[in-house]
1. Of the residues Val45, Val59, Val37, which single one is open to solvent by 40 Å² or more (accessible area, probe 1.4 Å) and at pLDDT 95 or above?
2. For the range 197-251, name all the residues that are in contact (Cβ under 8 Å) with a residue 40 or more places away in the chain, in contact with a helix residue (DSSP H, G or I) (Cβ under 9 Å, 6 or more places away or on another chain) and open to solvent by 30 Å² or more (accessible area, probe 1.4 Å).
3. Which pairs have Cβ atoms under 6 Å, sit 6 or more apart or on different chains, and link a residue in the range 135-157 that is within 13 Å of Asp172 (Cα to Cα) to one that is among the hydrophobic types (A, V, I, L, M, F, W, C) and open to solvent by 20 Å² or more (accessible area, probe 1.4 Å)?
4. Looking only at residues in the range 6-34 that are among the hydrophobic types (A, V, I, L, M, F, W, C) and without any contact (Cβ under 8 Å) to a residue 40 or more places away in the chain, which one is least open to solvent (accessible area, probe 1.4 Å)?
5. Please specify each residue of the range 201-238 satisfying the condition of being under 20 Å from Asp172 (Cα atoms) and of a type outside the set (A, V, I, L, M, F, W, C).
6. Among the residues of the range 140-161, is any open to solvent by less than 60 Å² (accessible area, probe 1.4 Å), β-branched (Val, Ile, Thr) and more than 16 Å from the chain's Cα centre (by Cα)?
7. Has the range 70-79 got at least one residue that is at pLDDT below 95 and more than 13 Å from the chain's Cα centre (by Cα)?
8. Report the residue count in the range 203-253 for those that are of a type in the set (S, T, N, Q) and in a strand (DSSP E or B).
Amino acid sequence: MAHLHFLGTAGARHVVASQARHSGGLIWSLPGHTLWVDPGPGALVRALEATPRVEPRTVDTLLLSHKHLDHTGDANAVIEAITAGGTKAKGRLLCPADCLGEEPPVYSYARKYLARVLPIAAGDRVELTPTLSVSFPIEHHHGCTTLGYRVELPGLRAAHVVDSLWFDGLIDAYRDVDLLIVNTTRPQGGNPKVLHLGVDDAEKLIRAIKPKLALMTHMGQQVVPRADEFAAELTTRTGVPVQAARDTWLVPL
């Protein structure tokens, strides 16, 4: 059965450094394709210890939304696991070009293990299977090239709004989805020194887009202790069911 597996829901440096929440990213298990997004520090261990266990060799595509450590810390380890230590070339890497440039989080030797490395940019759309696509509608405001994404297949339209300072273009970029995932790192956004979305920003997105379900993830140290409370408040204020994601959580799709 298709599902979304949250290997980790940590947001930003303090929660990642303390592992108060895990930082393994999330895995989309879809018909005919498995997509792993943003494997931060500890991602490989979290996958192997998960219930059900995630077998890296079954992963078809690795997606990095941007180059920051909390999203890429285990990328090379995951690539080695996907390719059996580089002995069996397979899999595809989707990432912004600066993940491959100066001080790249993905090492040059590891890239050679993969069947394909595809730099992505805003406006790109990649067909993963004949019925499954992932697209990158807009570049986010996050201090480096950062791309949220949309997943579309028969019966499901989903979007993941990753790290960003709020700007109005986010609403149009992620409209018309059934499932909306928002990296909700702070109680309040709008700080140009931090460049992360807040619960207030998540409310604006959810209220405007009106998905069938909204999920908060990538939560910072001020959000984690009140995550369920914030989700309940957003549900009341927007009329959309909102839940705070949990580490190891399986969401049926």
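The values are calculated or read from the model by the stated rules, or taken from the named source; none is laboratory data. These numbers were taken from a predicted model, which means no experiment stands behind them. So basically every Cβ, Gly included, is an ideal-geometry build from the backbone, and we count neighbours across all protein chains shown. Protein only, heavy atoms only, side chains kept; ligands, DNA and RNA dropped before computing areas. Shrake-Rupley method; radii C 1.70, N 1.55, O 1.52, S 1.80 Å.
1. Numbers: Val59 fails: open to solvent by 40 Å² or more (accessible area, probe 1.4 Å); Val37 fails: open to solvent by 40 Å² or more (accessible area, probe 1.4 Å).
Being open to solvent by 40 Å² or more (accessible area, probe 1.4 Å) and at pLDDT 95 or above holds for just one of Val45, Val59, Val37, which is Val45.
2. Gln221, Val224, Arg246, Asp247, Thr248
3. Here the result reads Phe136/Ala122; Ile138/Ala122; Glu139/Ala122, each pair linking the range 135-157 to a residue that is among the hydrophobic types (A, V, I, L, M, F, W, C) and open to solvent by 20 Å² or more (accessible area, probe 1.4 Å).
4. Our first condition is that a residue be among the hydrophobic types (A, V, I, L, M, F, W, C); within the range 6-34, this holds for 6-7, 10, 12, 15-17, 20, 26-28, 30.
Those left that are additionally without any contact (Cβ under 8 Å) to a residue 40 or more places away in the chain: 17, 27.
Working: Ala17: 91, Ile27: 4 Å².
Restricting to residues being among the hydrophobic types (A, V, I, L, M, F, W, C) and without any contact (Cβ under 8 Å) to a residue 40 or more places away in the chain, the top hit is Ile27.
5. Passing the criteria: Asp201, Glu203, Lys204, Arg207, Lys210, Pro211, Lys212, Thr238.
6. Quick first cut of the range 140-161, residues open to solvent by less than 60 Å² (accessible area, probe 1.4 Å) only: 140, 142, 144-153, 156, 158-161.
With the extra rule that they be β-branched (Val, Ile, Thr), the set shrinks to 145-146, 151, 161.
Next, only the ones that are more than 16 Å from the chain's Cα centre (by Cα) stay: none.
There is no residue in the range 140-161 that is open to solvent by less than 60 Å² (accessible area, probe 1.4 Å), β-branched (Val, Ile, Thr) and more than 16 Å from the chain's Cα centre (by Cα).
7. There is no residue in the range 70-79 that is at pLDDT below 95 and more than 13 Å from the chain's Cα centre (by Cα).
8. So the first thing to find is which residues in the range 203-253 are of a type in the set (S, T, N, Q), and the list is 217, 221-222, 235-236, 238, 243, 248.
Narrowing the set further to residues that are in a strand (DSSP E or B) leaves 217, 243.
Of the residues in that region, 2 qualify.
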